[in-house]
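For reference, the structure is listed below as C-alpha cells.
The values are calculated or read from the model by the stated rules, or taken from the named source; none is laboratory data. Since we're looking at a predicted model, the values are computed, not measured. Because the Cβ atoms are built from the backbone with ideal geometry, glycine has one as well, and the counts that use them run over all protein chains shown. Remember, those area values only see protein heavy atoms, side chains included, never the ligands or the DNA or RNA. Shrake-Rupley method; radii C 1.70, N 1.55, O 1.52, S 1.80 Å.
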Amino acid sequence: MQCYCGSKKDFSGCCEPFLKDSSKPLTCEELMRSRYSAYLLVNADYIINTTVKENRYEDDLELIKEYAKSVTWLSLEILHVEKNIVEFKAYYRDVNGVKVQHEKSNFVYEDDMWLYKDGKLFNSKIERNKPCPCGSGKKYKKCCEKQATL
C-alpha cells in the first residue's frame, strides 16, 4: 500500500516505521510526512511525542484526536524544504467542503531526533485549475469545488 504522505513509497518503508517507533525520521521532511500520516491515522500519541516539550499541553491528546477525526485527510503537498523548515499544504474535507492548511513549519533537532516546534499558517485557497486534492484526476473546479456549489 502506498504511503499516506504522498511520497509514492510503500507505507511499510516510509512512515510506518516511524509511527511504530522502530526508527526515527532522519530529516525534518520525513518527520513532517510522518506527522501527516499520524493525523490521518488518528495517532495523537505520535503527534505529541514529536512536538517539542515546551509546546505540549495536558489536553493535547483529546484535542488532536477530535480534530483528526473531524476531517477526512486527502493529500499532502510539500512545497519547500530548508535546513529545519518545511512548507506544505495539507488538503482535507470537513463539513463545509474541501480546505487547505498551508503552513511553514519549524523543526528542531534535539535529543537525537527531529521535533516539531511551531509553524506559521497562511490563508490559502485551493487553485481552481490545479488537480483536485481528492485524487479524482479532475481539475478542482470540475470536481470538489463544483460539488460544493450544488
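Between region 77-104 and region 3-54, what's the alpha-carbon centroid distance in Å?
15 Å
Kirkwood hydrodynamic radius, computed over distinct alpha-carbon pairs, for the chain: how many Å, to one decimal?
16.1 Å
In percent, what relative contact order does the chain have, based on Cα pairs under 8 Å that are 6 or more apart in sequence?
Reported as a whole number, the value is 17 percent.
Based on the alpha-carbon set only, what is the convex hull volume of region 1-55 divided per residue, in Å³?
76 Å³
For helix 60-70, report the angle its Cα long axis makes with the longest principal axis of the Cα atoms of the chain; keep it between 0 and 90° and round to the nearest 10°.
Compared with the principal axis, the helix lies near 20 degrees.
Mind pulling the angle between the C-alpha long axis of helix 28-40 and the longest principal axis of the chain? Nearest 10 degrees, somewhere in 0 to 90.
60 degrees
Accessible surface of LEU41 in the full protein assembly, 1.4 angstrom probe, to the nearest 10 Å²?
80 Å²
Normalise the Cα radius of gyration of region 64-105 by 2.2 N^0.38 Å (N = residues in it) and let me know the number.
Taking N as the residue count of region 64-105, the ratio is 1.28.
Quote the charge dipole size of the chain about the Cα centre in Debye, to the nearest 20; the model charges only the Cβ of Lys and Arg (+1) and of Asp and Glu (-1).
For the chain, the charge dipole is close to 1180 debye.
Place a point 7 Å from Cα of ASP94 in the direction of its Cβ. Which residues in region 52-80 have their backbone N less than 15 Å from it?
Residues 63-74 qualify, since their backbone N sits under 15 Å from the label point.
Students sometimes get this wrong: rank PHE11, PHE107 by accessible area, probe 1.4 Å, all chains present, largest first.
PHE11, PHE107
In whole Hz and in residue order, list the ³J(HN,Hα) couplings for region 133-139 that follow from phi through the Karplus curve 6.51 cos²θ - 1.76 cosθ + 1.60, θ = phi - 60°; x for Gly and Pro.
Values per residue, Gly and Pro as x: x, 6, x, 5, x, 8, 5 Hz.
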